[in-house]
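No lab work stands behind these numbers, since they all come straight from the coordinates. From a predicted model like this one, the values you see are computed outputs, not experimental measurements. For neighbour counting, all protein chains shown are included, and Cβ atoms are generated from backbone atoms with ideal geometry for every residue, glycine included.
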Number of protein chains: 2
Amino acid sequence: MQFSSSLLENAVNEFARFPGIGKKTALRMVLHLLKQDESITENFSETIARMRRDIKFCQRCNNVSDADICSICANSLRNQSLICVVENLRDVIAIENTQQFSGTYHILGGVISPLDGIGPDQLQIESLVQRIQKEQTEELIFALSPNIQGDTTIYYIQKKIKDFNCRITTIARGIAFGGDLEYADELTLGRSLQNRMPVDKYISH
Amino acid sequence: MQFSSSLLENAVNEFARFPGIGKKTALRMVLHLLKQDESITENFSETIARMRRDIKFCQRCNNVSDADICSICANSLRNQSLICVVENLRDVIAIENTQQFSGTYHILGGVISPLDGIGPDQLQIESLVQRIQKEQTEELIFALSPNIQGDTTIYYIQKKIKDFNCRITTIARGIAFGGDLEYADELTLGRSLQNRMPVDKYISH
């Protein structure tokens with residue numbers, strides 16, 4: 001793509017760096033900013049820069065947060081001895097949207113995947129184990145994507161905490177095997193939380 | 001969509017303002033920034049802000065430009081007495097990508113469309129007329145979208161400049177390369193029959 005302005009070209013290249021954004025979409029986004037008042041772009045760039053600079057990760061559950069402890073962990077109306085284990089922030093948002101869950105979360109930051117070079121040490125597993133021990137968590141719900149990597153992660157964590165007095169469940173198999181949690185519809189995801197099953201029963205299949 | 005951080009929520013909303021970008025895509029873009037070093041986001045937001053603040057519009061053709069005159073108008077190797085009239089910047093980039101045109105451009109900023117409240121005064125038509133008169137332009141090529149609005153605009157400008165010694169053409173209309181004859185609309189097919197061309201000329205391209 002040929003540009004008559006290097007300012008424009010640089011801006012298009014910046015947008016085109018995002019996953020799923022090609023040059024044509026990036027150009028459309030830049031032209032959208034050019035069509036509007038300068039203050040709109042100023043506001044946009046300031047909001048994005050401020051977000052990256054000031055955002056924190058919750059010291060308890062690794063969720064993104066405005067403070068040291070996220071609003072879910074700080075909410076006394078939520079069941080603090082119930083932890084839902086998820087891969088990433090998008091899964092938290094997906095589950096929150098079902099409005100079926102009133103416990104807390106623990107974001108692992110991924111799942112165990114030796115082929116991608118991701119072992120237990122790269123994930124927030126140790127902090128989860130310490131948290132369960134310290135807080136005497138009553139129940140752990142695994143809400144990981146139903147695939148080999150998710151199952152491996154469940155198996156690994158289950159072994160680590162088997163001596164604690166903590167009930168371990170997983171969300172029900174309402175989601176198709178190989179499906180992506182993030183794109184599941186709210187009904188399926190909500191029901192799979194309600195119909196969660198003991199992990200022994202799950203692993204034996 | 002529920003967020004545990006207002007910083008995150010604001011950033012997602014900013015991205016979701018772009019046309020064609022939904023909340024899920026916006027969230028994916030923000031998480032992409034969160035995954036990377038803070039300097040990447042700083043650089044992104046600075047580049048976008050600088051682009052909007054410093055970009056100029058060419059005083060001759062209204063193209064975006066780093067200087068008062070754009071690099072196409074300032075290029076002495078291009079035929080400066082040949083003007084291609086287009087709606088917007090994206091059309092300039094599309095034509096430049098063909099590498100078949102070595103004249104200059106004039107960006108109208110749209111086409112005459114009374115239903116959308118766009119009259120000749122909202123477009124860069126007067127500046128085009130003055131430019132043709134002043135520069136004694138040899139040829140004007142209309143490269144507007146082939147629809148009622150485009151045709152109206154061509155007709156309007158043609159009337160305005162009919163007394164100048166300037167050749168007026170439009171890009172060829174016909175069946176698109178790779179297009180299916182069966183699905184072509186009657187107007188296009190009818191005109192492509194009327195404006196048929198010698199096969200020697202066609203094959204040589």
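Using the Kirkwood formula on the Cα atoms of the protein assembly as shown, what hydrodynamic radius do you get, in angstrom to one decimal?
Values: mean 1/r = 0.0388 Å⁻¹.
That comes to 25.8 Å for the protein assembly as shown.
Kindly give the distances from residue A:43 to its copy-mates, label point to label point, with each label point 7 Å from Cα along Cα→Cβ, as nm values to one decimal ordered shortest first. Those separations, rounded to one decimal, come out as 2.9 nm. Computed about its Cα centre, the charge dipole of chain A is approximately 300 debye, with only Lys, Arg, Asp and Glu carrying charge at their Cβ.
Estimated from helical segments only, the mean residue ellipticity of chain B at 222 nm is -13000 deg cm²/dmol, where each DSSP H run of four or more residues counts as -39500 (n - 2.57). Averaged over the residues of peptide B:69-79, the number of Cβ atoms from other protein chains lying within 10 Å of each residue's Cβ is 1.
The angle between the Cα long axis of helix B:38-54 and the longest principal axis of the Cα atoms of chain B comes to about 40 degrees, rounded to the nearest 10.
Its alpha carbons considered, chain B gives a radius of gyration followed by a Dmax of 22.1, 67 Å. Taking the C-alpha atoms only, the angle from helix B:6-16 to the longest principal axis of chain B is near 10 degrees. Axis angle, to the nearest 10 degrees, between helix A:125-135 and the longest C-alpha principal axis of chain A: 50 degrees.
Each label point was placed 7 Å from the Cα along the Cα-to-Cβ direction; for residue A:147 and residue A:6 their separation is 4.2 nm.
Ranking B:157, B:177, B:111 by Cα position along the charge dipole of the stretch B:110-205, where only Lys, Arg, Asp and Glu carry charges on their C-beta atoms, puts B:157 farthest toward the positive end.
Taken about its Cα centre, the protein assembly as shown carries a charge dipole of about 200 debye when Lys and Arg each add +1 at the Cβ and Asp and Glu each add -1 at the Cβ. Per-residue Karplus couplings for the stretch B:58-71, computed as 6.51 cos²θ - 1.76 cosθ + 1.60 with θ equal to phi - 60°, are listed in order as 3, 5, 9, 10, 6, 5, 5, 7, 7, 10, 5, 10, 6, 5 Hz, Gly and Pro entered as x. Along the axis of the charge dipole computed for chain A (Cβ charges of +1 for Lys and Arg, -1 for Asp and Glu, origin at the Cα centre), the listed residues A:3, A:197, A:69 are led at the positive end by A:197. Projecting 7 Å from Cα along the Cα-to-Cβ direction, the label point of residue B:177 sits 4.9 nm from its equivalents in the other copies, listed shortest first. Just name one of A:22, A:40, A:12: the one whose Cα is farthest towards the positive end of the charge dipole of the stretch A:6-54 (beta-carbon charges, Lys/Arg +1, Asp/Glu -1). Farthest towards the positive end: A:22. Taking every residue in B:6-13 and counting other chain Cβ atoms within 10 Å of its Cβ, the average works out to 5. Which percentage, to the nearest 5, of the DSSP beta bridges contained in chain B is antiparallel? Given both bridge residues lie in chain B, the antiparallel proportion sits at roughly 20 percent. Take the Cβ atoms of residue A:118 and residue A:24, set R0 to 30 Å, and the FRET efficiency comes out at 0.35. Take A:92-100, B:178-186, B:124-132 and order them by the average number of nearby Cβ atoms within 10 Å per residue, most first; the result is A:92-100, B:124-132, B:178-186.
Dipole of the stretch B:22-97, Cα-centred, from +1 at each Lys and Arg C-beta and -1 at each Asp and Glu C-beta, to the nearest 20 debye? Working shown, then result.
Details: 11 positive and 10 negative charges, 62 e Å.
Charge dipole, the stretch B:22-97, about its Cα centre: 300 debye, nearest 20.
Taking each of B:56/B:159; A:35/A:56; A:56/A:134; A:35/B:160 in turn, the alpha-carbon distance tops 25 angstrom for B:56/B:159; A:35/A:56; A:35/B:160.
List the relative contact order of chain A as a percent without decimals, with contacts defined as Cα pairs under 8 Å and 6+ residues apart. Write down the numbers at each step before the final one.
Numbers: 267 pairs, mean separation 31.0, N = 205.
Relative contact order, chain A: 15 percent.
Altogether, the Stokes-Einstein calculation at 10 °C and 1.306 mPa s, with the Kirkwood radius of the stretch A:122-201 over Cα pairs as Rh, returns a diffusion coefficient of 119 µm²/s. The slack between residue A:163 and residue A:74, meaning 0.36 nm per residue of separation minus the straight C-alpha distance, is 29.3 nm. For the stretch A:97-180, applying the loop criterion from DSSP together with a ceiling of 11 other beta carbons within 10 Å to the chymotrypsin sites (Phe, Trp or Tyr not before Pro) yields A:177. For the segment B:93-99, counting C-beta atoms of other chains within 10 Å of every residue's C-beta and taking the mean gives 3.
By counting other Cβ atoms within 10 Å of each Cβ, how are A:166, A:73 ranked from fewest to most? The partial results should precede the final answer.
Working: A:166 17, A:73 20.
Listed from fewest to most nearby Cβ atoms, that is A:166, A:73.
With each label modelled as a point 7 angstrom along the Cα→C-beta vector, the residue B:195-residue B:155 pair spans 1.6 nm.
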